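Shown next, in structure tokens, is the structure this report addresses.
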Amino acid sequence: MSFSYFKNRLFYLSILALFLLLILFLRIYLNSYLNIPLHFDEAQYWSWSKDPAWGYFSKPPVLAWIISISNYFCGNTERCIRITMPILYYMSTIFIFFSTKIVTQNSILSAFSAVIFNLIPGITFSSFVATTDVPLIFFSSGFTFLFLTIYKKKDPSYFDFFILSTFFSLGFLSKYAIAYFFISILITIVFFVDIRKKFLNLKGLLFLLVFFIFISPHLYWNFENGFVTFNHTAQNANIQSISLNLKEPLKFVLSQFIVFGLYPLFLIFKKTFLYKQLNKENKVLLIFFLTPIIIITILSLFSRANANWAAVGFPFGIIFLANIINDSEEKFKKYYIFFSQFLLSLVIVILILLGQNNIKLDPFSKQRHARDLALHVIQELQNIENVAFMADDREDYAIMLFYIKSYKVKKAKWNGDIKIDDHYELTTNANNLKGYNLLFLTRTAPTKAMISRSSSQKLIKELRFSYSRKVKKYNLYLLSDWN
């Protein structure tokens, strides 16, 4: 019987489809089975979703929109808040497959690329958490496909640039990190004539015009609110207190091996040192992948840097990886890549599973107390007449908004100064609680300002929750007759 490449290819593609669907359903099932309490950031995004807007204090709006839609169809549960995360990653995989196909013209290698993308350790972990990185990577994957389509076409259409800008805009409204792609475009325009010809014309102008039209409501929202999102992004990088720190860049680069994958990133860095030997296509892919890493590494000399800040370039990194192993001399490396990614992802899932019964291994140990804390708060709310709720910490307030949502009382976050430091100080006011008896959740004690605004203060309950080798302490106070 003769060998049929076509039949063999269909077999591998069928296996790919089944494997990716298995990963998708496994992630959805584990999200439901593990029943992990919300992280305070997730609770905050959920609270934003109840008030759809063009912006929020610390992030652009897309994740809140997504949660709002999923909650409408699914419900207000942890599972429903997170359910779209593995679905978005699955949809990103489709873009990765076709992007690789554009570059390699090889369906088997494209299937390999899709699998490796799904097994990126950072993606495996973030499939269990609702974060802005998920829609960011979805739109950056779509951007990758559209950019490579334009790159490969002799005469890309205006529609191609319109769709490219649409994905770029939605990525920007997910997380500002997609702006690194704009810097990458500028770099490739300088060094590659064909990209320069495609972008330095009316089509490139259309790209910019569509982008500014899409984000103009978000810009206006920021203008109306004192540009809080942009200011928070700058403060998050801590650029106002610059000090030289040589450890931070090393920590950031090493973290990329954990987030992206040990062996895959080793291969990419190895090829980076042979940059002059790469063909133009690989150079372009490498620029888009490395630009975020290089910029954040430089910034980390003077400020802090989180491991996920360069995730926007991951789609280009995966396609670059597939392209360099397209060479017959490199093909054996795909097995090492697969097994290294598979093992890292497996370790992450095992740790999450073991963490259910072993707090020392639990990556979610810091948030396990959320439901128990909420039960104590609800119990006290039921015992107090004419009650309202107040907290002085953004994390605690966000968590309580979700877990005491069924208990309808007035709520506000305390703001002890005139500065607006978080979304709840922007949108709530303790003055609106006048005339109520406040149940006050704090990790410390009432301030002098709080004491002066209440007729009496009473410590109702002290709470302690252990995680790893640390203890979180909370106090519940009754502040009577708030004025």
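The values are calculated or read from the model by the stated rules, or taken from the named source; none is laboratory data. Nothing here was measured: the structure is a model prediction, and the numbers come from that model. Every residue, glycine among them, receives a Cβ derived from its backbone with ideal geometry; neighbour counts consider all protein chains shown. With ligands, DNA and RNA removed, areas are computed over all heavy atoms of the protein, side chains included. Shrake-Rupley method; radii C 1.70, N 1.55, O 1.52, S 1.80 Å.
Quick notes on this one:
- Qualifying residue in segment 74-87 (condition: within 23 Å of Ile404 (Cα to Cα), of a type in the set (Gly, Ala, Ser) and open to solvent by less than 50 Å² (accessible area, probe 1.4 Å)): yes
- Segment 408-427, residues that are under 16 Å from Trp46 (Cβ atoms) and either touching a Pro at 6+ places or on another chain (Cβ under 9 Å) or of a type outside the set (Lys, Arg) (or both): Asp422, His423, Tyr424, Thr427
- Per the conditions (1) touching a Phe, Trp or Tyr at 6+ places or on another chain (Cβ under 7 Å); (2) surrounded by fewer than 16 Cβ atoms within 10 Å (Cβ to Cβ), the sole criterion not satisfied by Lys203 is (2).
- Taking the criterion of being under 13 Å from Asn308 (Cα atoms) and among the charged types (D, E, K, R), the only residue of segment 99-135 that qualifies is Asp133.
- Between Ile294, Ile359, the distinction of being open to solvent by 50 Å² or more (accessible area, probe 1.4 Å) and more than 22 Å from the chain's Cα centre (by Cα) belongs to Ile359 only.
- Among helices (runs of 4 or more DSSP H) entirely within segment 87-171, having at least 2 residues that are under 27 Å from Asp194 (Cβ atoms) and either β-branched (Val, Ile, Thr) or touching a strand residue (DSSP E or B) at 6+ places or on another chain (Cβ under 7 Å) (or both) singles out 133-152.
- Segment 33-57, residues that are open to solvent by 10 Å² or more (accessible area, probe 1.4 Å) and more than 22 Å from Ala370 (Cα to Cα): Asp51, Pro52, Ala53, Trp54, Phe57
- Ser99 modelled with pLDDT under 95 and open to solvent by less than 20 Å² (accessible area, probe 1.4 Å): no
- Residues of segment 346-373 classified as in contact with a Gly (Cβ under 9 Å, 6 or more places away or on another chain) and small (Gly, Ala, Ser), total: 1
- Listed by position, the helices (runs of 4 or more DSSP H) enclosed by segment 370-482 that each have at least 1 residues that are open to solvent by 60 Å² or more (accessible area, probe 1.4 Å) and either closer than 30 Å to Ile359 by Cα or touching a Cys at 6+ places or on another chain (Cβ under 7 Å) (or both) are 370-383, 394-403.
- Inside segment 396-422, residues that are among the acidic types (Asp, Glu) and modelled with pLDDT of 95 or more make up a count of 1.
- Segment 133-167, subset buried (at least 22 other Cβ atoms within 10 Å of the Cβ) and β-branched (Val, Ile, Thr), residue nearest to the chain's Cα centre (by Cα): Val134
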